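Colleague: So that we are looking at the same thing, I have put the structure below in structure tokens.
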Amino acid sequence: MSNSLYQSILCLQDGTFYKGWSFFELSTYSGEIVFNTGMTGYQEILSDPSYTGQMVVFTYPEIGNTGLNHQDNESNFIHVKALISKNISSVSSNWRSTVSLKDYILKKQIPHVFGIDTRSLTKKLRVSGVMSSYLCSFNLFNKGLKVDFKNLNELDLIRKITVRCKYQSSIFNTIAPYFMRSLYINPVENLSKVKNYNIVVLDFGLKFNILRYLLSLGCHVHVLPATSDYNLILNCKPDGILLSNGPGNPMLAHYAINTVKKLIHTACIPIFGICMGHQILNIACGLKTFKLKFGHRGLNHPSGFSNYSELTSQNHGFAVSSESQVSNSFLKSLIVKYFNLNDETVAATLHSKVPLFSVQYHPESSPGPHDAHYLFNVFIELISFMSIKT
């Protein structure tokens, strides 16, 4: 691979710019710039659909030392608009590594810049909030380049990245072993405890690790597009419904909100929402969402209540508001279970009368803390309870 370096410029919407280097000559790339505080997980971040349209600043000063492998991708595509780091290691060392980050960037032509002061940049975003930015070569910048920034808050990113056709998977077919390789739990032990439930997953930007957990619990999984209607979902005869993570503004996914609302009030099927799924589920219940100043993106966010806390992996720019202008008996039975203990935003909700619950964080996180992965078992137990009840 080439050892050449090219001068590059990262320019924020307010005119602030940072000079750095890239492994290849950049054209022009624009997106919303955000930061992630995780010390590792760059492979998962690059392939996480929730980062669609975003340029990611890694606050940890060096990434790439453990390389990349064939098992840890969270999707089949690169979703970040650009990778921004203080330093990218030219050497990788790990028993699972098959390619270095540098070689991967060159092979996939991932927009990137390194050698900039990421500490200064992160402080800037904390004070001013996330904003649009563009990345280009120094030569293009010198020519007086002008970029028309797109507001991600006005783009329906879910419709852009959701799966086009439904597909199925179970631990017994040929797809499942691929998903299971990077999951550090014993599927055989779990399979002896549960039934083979039918789970419909609405794909708002689904991460593979959600599928891995469901498969490890013996579930038969139907992955459906986010635009699926009520009848298509019920035709799969689901024992439970999982609303996945995803990117963008949840209020723009009105088609999903309306479908979930109908499921809540007429189907009486257990529903579990994760991240974007959490937001859509709570909007369907009558709450609203708002955009955070700089979001929550990292592997060590405390979530809990009173003297109880779980360390959680989070990646979102919007949050659910606990205040509502609508007052009815259904909404009054919606309980805010946990808060993000850094800023007291809503982290988890459940309903006392309808079988649904949701979390703003990622119980499937890998890498990251595994404090919350028990929630998949809670989901299965809720399905089992409802099947006995009916």
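The values are calculated or read from the model by the stated rules, or taken from the named source; none is laboratory data. In this text, all values refer to a predicted model and were calculated from it rather than measured experimentally. Every residue, glycine as well, gets a Cβ built from its backbone with ideal geometry; the counts of neighbours run over all protein chains shown.
Colleague: Pick from region 338-369 the residues that are part of a strand (DSSP E or B) and among the polar types (S, T, N, Q): which of them is surrounded by the fewest Cβ atoms within 10 Å (Cβ to Cβ)?
Modeller: Ranking the qualifying residues of region 338-369, first place goes to Asn340.
Colleague: Within the bounds of region 308-316, is there any residue that is in contact with a strand residue (DSSP E or B) (Cβ under 8 Å, 6 or more places away or on another chain) and assigned to a helix (DSSP H, G or I)?
Modeller: No, every residue in region 308-316 fails to be in contact with a strand residue (DSSP E or B) (Cβ under 8 Å, 6 or more places away or on another chain) and assigned to a helix (DSSP H, G or I).
Colleague: Which members of region 96-105 meet the condition of being part of a loop (DSSP other than H, G, I, E, B) and under 27 Å from Val163 (Cβ atoms)?
Modeller: Thr98
Colleague: Please work out which one of (1) within 22 Å of Ser30 (Cα to Cα); (2) modelled with pLDDT of 95 or more is the condition Phe141 fails and give its number.
Modeller: (2)
Colleague: If we scan region 84-95, do we find a residue that is in a helix (DSSP H, G or I) and in the same structural domain as Val34 (by TED's automatic domain parsing)?
Modeller: no
Colleague: If I filter region 40-74 down to residues being under 13 Å from the mean Cα position of the chain (by Cα), in a loop (DSSP other than H, G, I, E, B) and among the small types (Gly, Ala, Ser), which single residue comes out as modelled with the highest pLDDT?
Modeller: Ser47
Colleague: A further question follows. Can you tell which of Gly246, Gly273 is part of a loop (DSSP other than H, G, I, E, B), closer than 22 Å to Ala348 by Cβ and touching a residue at least 12 places away in the same chain (Cβ under 8 Å)?
Modeller: It is Gly246.
Colleague: I need the strands (runs of 3 or more DSSP E) fully contained in region 112-174, keeping only those with at least 2 residues that are within 23 Å of the chain's Cα centre (by Cα) and more than 29 Å from Tyr6 (Cβ to Cβ).
Modeller: Here the list reads 167-169.
Colleague: Moving on. Between Phe339, Phe376, Phe318, which is touching an Asp or Glu at 6+ places or on another chain (Cβ under 8 Å) and at pLDDT 95 or above?
Modeller: Selected residue: Phe376, the only one of Phe339, Phe376, Phe318 that is touching an Asp or Glu at 6+ places or on another chain (Cβ under 8 Å) and at pLDDT 95 or above.
Colleague: Consider Leu224 against the criteria (1) of a type in the set (A, V, I, L, M); (2) assigned to a strand (DSSP E or B); (3) modelled with pLDDT under 95: it satisfies all of them except one. Which criterion is unmet?
Modeller: With respect to (1) of a type in the set (A, V, I, L, M); (2) assigned to a strand (DSSP E or B); (3) modelled with pLDDT under 95, Leu224 is out only on (3).
Colleague: Follow-up question, since we're still on this one. Filter region 320-337 down to residues that are assigned to a strand (DSSP E or B) and in contact with a helix residue (DSSP H, G or I) (Cβ under 8 Å, 6 or more places away or on another chain) and give me whichever is nearest to Asn245 (Cα to Cα).
Modeller: Ranking the candidates gives Val320 first.
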